[in-house]
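One structure is given here, and the rest of the page talks about it.
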Protein chains: 2
Amino acid sequence: MSQNPTACLLVIGNEVLSGRTQDANIKFIAVGLGEIGIPLREVRVIPDIPETIIATVNEARAKFDHVFTTGGIGPTHDDITSECVAAAFGVPWEPHPEAWARLDARYAPGEFNAARQRMATMPRGATLIDNEISTAPGFTIGNVHVMAGVPRIMQAMFRNLAPTLTGGPPIRMGAVHAKGLAEGRIADGLAAIQSRFPALDIGSYPYYRPDANGVALIAKGNDPDAIAAACAEITTLIASCGATPIQGEPLA
Amino acid sequence: MSQNPTACLLVIGNEVLSGRTQDANIKFIAVGLGEIGIPLREVRVIPDIPETIIATVNEARAKFDHVFTTGGIGPTHDDITSECVAAAFGVPWEPHPEAWARLDARYAPGEFNAARQRMATMPRGATLIDNEISTAPGFTIGNVHVMAGVPRIMQAMFRNLAPTLTGGPPIRMGAVHAKGLAEGRIADGLAAIQSRFPALDIGSYPYYRPDANGVALIAKGNDPDAIAAACAEITTLIASCGATPIQGEPLA
């Protein structure tokens, strides 16, 4: 996967750090980025503190090909992502004419108040990410893509943004699992398979489900033939331990 | 909350970054740390890459009072957290006699193989975190607490670890919500309340539920009286907009 551009996700907001909110965005974005060949390499969950947001955006955009942010672009005092991204880029934070026009049209006369005008205020040079759910757009500046935190709105923005990005080959995944098998019994054999397929990431994930315990073995990479070959070797390894290999993921 | 020690969580493992696995640990740890007065200030999800783990552990342990890690302490080739933490601290990674004895006693003769012995190999100076679910212990070295990634095992470890940590006053939370209210209508009033209660974090979280949309207003901090006073002002603010304030969080 070395030919793939890389991504970092910044989840901005105190609500995940306090445990009030169960994050629902990481998995969606991770899967979506895998499909367009821009694998997610790091996630950071950070609080609504300007210095932290500015420093993290600048660190991430220097290190990864793409940075995605969720959260902090609403109308309230704790929504500070947009102005912090402007500060990170060292550009003015100013009304975006197209965003302004969309929001002005959405609200009844007199309702497009100062707080809501913040949602149409963006770093200079931002291009909009459409939001057909609640109008207020996200935006892209440089390699940073700023999206809402509410999952339904974020998902709409991501679907609109993804086709505009140039990814590498999609990340594919093969899976074999075995109920009742302890991963300690196949560890040596699995390490040998990993060493024979250095271009793949081979992972071992024990599961503890109401119906059964077991282990899921995952082979991930760009090359479907290599994934198939590795899964065949994993299948043989599981059988050699007297367990029954099952193709695919264990059911949740 | 400035008198509280701080925490960072490192979620180590490719499975969350690929989207294969929905993280189930962040929220549990965030809530548990809030209860013992060690608020979670940052989460990083990072891959199973030694240089990344080592650098991130060293950055986090210098910046936060406590660092918690989940994942990567099993027996397979992709379980490299323990040896990376040893490298981060610059200490040998060697058999831990007590961990070794526990695991040796758990397995049938001949089954405590080389892969499983890795689970009893730890940074020199580590103290054990008990694991009554599957025996293999986590450990603490310095201000870094290394736990399993499987939620049920992590939770057992966290419950054993938490009473040994010295926290600050617990982080308390008050909530008021209003169905059908758009946050853009109360943003100015809410900012004014935040400015009157600078020691609290006041957050505004719109929700989109099958039964109703609305906004949840959260006041968080150490001082129960300040939280109650802020919630009373929020209640008045909501009512002044013609909406009905409801004490507590909206039902999930």
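The values are calculated or read from the model by the stated rules, or taken from the named source; none is laboratory data. Here the structure is a predicted model, which means the values were calculated and not measured. Glycine gets a Cβ as well: all are built from the backbone with ideal geometry, and neighbour counts include every protein chain shown.
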Any chance A:Gly32 is assigned by TED's automatic domain parsing to the domain that holds A:Ala156 and assigned to a helix (DSSP H, G or I) = yes
Identify, from the list A:Val16, A:Val11, the residue that is within 13 Å of chain B (Cβ to nearest Cβ), farther than 14 Å from A:Gly167 by Cβ and outside any strand (DSSP E or B).
-> A:Val16
Which one of these is within 8 Å of another protein chain (Cβ to nearest Cβ) and either within 26 Å of B:Thr164 (Cβ to Cβ) or buried (at least 21 other Cβ atoms within 10 Å of the Cβ) (or both): B:Gly74, B:Gly125, B:Gly37, B:Gly90?
-> B:Gly74
Output the helices (runs of 4 or more DSSP H) that fall wholly within the range A:149-252 and possess 2 or more residues being outside the structural domain of A:Asn14 (by TED's automatic domain parsing), or say none.
-> A:187-196, A:224-240
Count of residues meeting criterion [farther than 16 Å from A:Gly142 by Cα and within 12 Å of chain B (Cβ to nearest Cβ)] in the range A:56-71 = 1
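With the condition kept exactly as written, say whether any residue in the range B:146-161 is among the hydrophobic types (A, V, I, L, M, F, W, C) and touching a Leu at 6+ places or on another chain (Cβ under 7 Å).
no
When the range A:221-233 is examined, which residues are found to be free of Cβ contacts under 8 Å to residues at least 60 places away in the same chain and either among the hydrophobic types (A, V, I, L, M, F, W, C) or buried (at least 17 other Cβ atoms within 10 Å of the Cβ) (or both)?
A:Ala226, A:Ile227, A:Ala228, A:Ala229, A:Ala230, A:Cys231, A:Ala232, A:Glu233
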Residue ranges of strands (runs of 3 or more DSSP E) in the range A:46-142 with at least 1 members touching a His at 6+ places or on another chain (Cβ under 8 Å) | A:66-70, A:121-123, A:127-129, A:138-141
Mind listing whichever residues of the range B:178-222 are more than 11 Å from chain A (Cβ to nearest Cβ), in contact with a Lys or Arg (Cβ under 6 Å, 6 or more places away or on another chain) and not hydrophobic (A, V, I, L, M, F, W, C)?
-> B:Gly214
Can you spot a residue in the range B:97-108 that is touching a helix residue (DSSP H, G or I) at 6+ places or on another chain (Cβ under 9 Å) and of a type in the set (Phe, Trp, Tyr)?
-> yes
Go through the range A:19-34 and count every residue that is at pLDDT 95 or above, surrounded by fewer than 19 Cβ atoms within 10 Å (Cβ to Cβ) and facing another protein chain (nearest Cβ under 7 Å).
-> 2
From (1) out of contact with any Cys (no Cβ under 6 Å at 6 or more places or on another chain); (2) modelled with pLDDT of 95 or more, pick out the condition that doesn't hold for A:Gly180.
-> (2)
Within the group B:Gly110, B:Gly90, which residue is assigned by TED's automatic domain parsing to the domain that holds B:Arg152 and modelled with pLDDT under 95?
-> B:Gly110
